[in-house]
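Right, one structure below, let's go through it.
What follows is calculated from the coordinates using simple rules that are stated; it is not laboratory data. All of these numbers come straight from a predicted model, not from anything done at the bench. When we count neighbours, we look across all protein chains shown, and the Cβ atoms used for this are built from the backbone with ideal geometry, even at glycine.
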Amino acid sequence: MPSSSPEYQLVTDPGALAALCERLARMPYVTVDTEFMRESTFWAQLCLVQIASTDEVAVVDPLAPGMDLGPFHALLANPGVVKVFHAARQDIEIFVKQTGTVPHPLFDTQIAAAVCGFGDQVSYEQLVYRITGHQIDKSSRFSDWAQRPLSGRQLSYAADDVVHLRQVYLALKASLQEQDRSHWVAEEMAVLTDVATYVTHPEEAWQRLKLRVKKPRQLAVLQRVSAWREREAQQRNVPRSRVLKDDAIYEIALQQPRNPESLGRLRSIPRGFERSAAAAGILKAVEEAFAIPEDALPRIPRSRPAPEHASAAADLLKVLLKMVAERNGVAARIIAGADDLEQIAASEHADVPALRGWRRELFGEQALALKRGEIALALSPKGMTIVAAEGRPQKAAE
């Protein structure tokens, strides 16, 4: 059934926010969501913060004159209050940028839902509908959240995102406890709660690009120019493409211009760009790449050839993964990805998540046993089953 408009309070002054956070600090948990804009910036611009407890719902306007989010930041750091998000990564990135710390303790309902069998990366509206039966109106999703004043429809939409999150959280928490899987979610939260996850390193920016170079010197230029663009975009707080488009980085890496004239002749460079301060930064990056000695140049990443029969082993592992996921009500993709399966097929000592923690207990040990020939997959009247080498049913997979 469609959801009715939630009752909420709009918080637009520091005193009201401080009073709200003082009340919320006495609660066992709060649900949190944000609305932000980043189409024209590198860093996300926080436009709204929605918070709900068992007793109240609030929409906080961080753009209101004189607003101080200090009390809210203190609430995020309060160890006695669980902060519940859905698909929290982008929200947390904003708070890490503001405070340098990750909200703690943290519960992500998207991760918990995958562990509980709702599928990998299930959307919030799908999860709400499947757990509560409510249909969320998403017509305001692409609003301009930076504009003021916001309409009542926008504010109701924003509040709705934390209202039903309360029921979703309680249902998932109960399911995890019933299935003894709370520690699975705790393992999954390790990356999400590590502040290093949200730190961007310009030297690694080249990894975002498709590798279209074939020579070490070209790769060195690609790396240096990509790092320059990343730093420039961060400092100017503009999207990467507004500094320099990807196609231009590829062409610079291949053509390796060393002066303004040769840079200006590139097809991907706008007319007159070679005389700008940005062009000087690019040329400096190219020179830095050429200053690297031949024996210190980066190597072109190359995939190792898979061992003989690894492809067939990976196919068998896919079947095993599907069986384990279905029998245990867990999204297959959260247990192991295609790359994990290929690496396990190639090596029993593969350093992949599927061979660590709860994933190893659930799937990894059986994957290794299948690869060694200690168990096999067989068809039965009930479908595909797992049998031991001597033909006895393998109870671990039941």
Notebook entry, point to check: Taking the Cα-to-Cβ direction at Ser311 and at Ala277 and moving 7 Å from each Cα, how far apart do the two end points lie in nm?
Noted result: 5.4
Check: When a footprinting reagent is the concern and you count Cβ atoms within 10 Å, what order do Ile292, Ile131 take, fewest first?
Finding: Ile292, Ile131
Next item on the list: Between Arg212 and Ala146, with labels modelled 7 Å along Cα→Cβ, what's the label distance in nm to one decimal, could you check?
Entry: 3.0
Item checked: Counting DSSP beta bridges with both ends in the chain, the antiparallel % (nearest 5) -> 65
Check: For segment 9-198, with only Lys/Arg (+1) and Asp/Glu (-1) charged at the beta-carbon, what is the dipole magnitude about the Cα centre, in debye rounded to 20?
Finding: 120
Notebook entry, point to check: Counting Lys +1, Arg +1, Asp -1, Glu -1, what net charge surrounds Cys47 among other residues with beta carbon under 14 Å of its beta carbon?
Noted result: -4
Next item on the list: Show that you can apply the helix-only estimate: for the chain, add -39,500 (n - 2.57) for every DSSP H stretch of four or more residues, divide by all residues, and state [θ] at 222 nm to the nearest 500.
Entry: -13500 deg cm²/dmol
Next item on the list: Return the lysines within reach of Lys382: Cα separation strictly under 16 angstrom, same-chain partners fewer than 8 residues apart disregarded; answer none if there are no such residues.
Entry: Lys322, Lys395
Next item on the list: Take every Cα pair under 8 Å in the chain that's 6+ residues apart, average their separations, divide by the length, and report that relative contact order as a whole percent.
Entry: 13
Notebook entry, point to check: Percent relative contact order of segment 187-241, based on C-alpha pairs within less than 8 angstrom and at least six residues apart?
Noted result: 34
Item checked: Highest-first arrangement of 196-203, 98-105, where packing means the average Cβ count within 10 Å -> 98-105, 196-203
Check: How far apart, in nm, are the 7 Å Cα→Cβ label points at Arg267 and Asp120?
Finding: 3.7
Next item on the list: Could you tell me which of rounded, prolate or oblate describes segment 114-185, using a ≥ b ≥ c as the square roots of the eigenvalues of the alpha-carbon gyration tensor, with rounded for a/c under 1.5 and, failing that, prolate when a/b is larger than b/c and oblate otherwise?
Entry: prolate
Note to self: Test of understanding: what is the full-extension gain from Asn328 to Leu254, defined as 0.36 nm times their sequence separation minus their Cα-Cα distance?
What the structure shows: 21.6 nm
Check: With charges only on Cβ, +1 for K and R and -1 for D and E, what is the dipole size of the chain about its Cα centre, in debye, rounded to 20?
Finding: 1300
Margin query: Loop-only trypsin sites (Lys or Arg not before Pro) in segment 163-245, please: DSSP not H, G, I, E or B, and at most 10 other Cβ atoms within 10 Å.
Written below: Lys210, Lys214
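Quote the FRET efficiency, to the nearest 0.05, computed for Leu377 versus Asp339 with a Förster distance R0 of 22 Å and r equal to the Cβ-Cβ distance.
Here the calculated transfer efficiency is 0.55.
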Checklist line | Cα-based shape type of the chain, given that a ≥ b ≥ c are square roots of the gyration tensor eigenvalues and the cut on a/c is 1.5 | finding: oblate
Checklist line | Residue (of Met37, Leu20, Val162) at the positive-pole extreme of the chain, dipole from beta-carbon charges | finding: Met37
Item checked: Residues listed by number, segment 213-231, amide nitrogen under 20 Å from Asp246 label point at 7 Å toward C-beta -> 213-215, 218-231
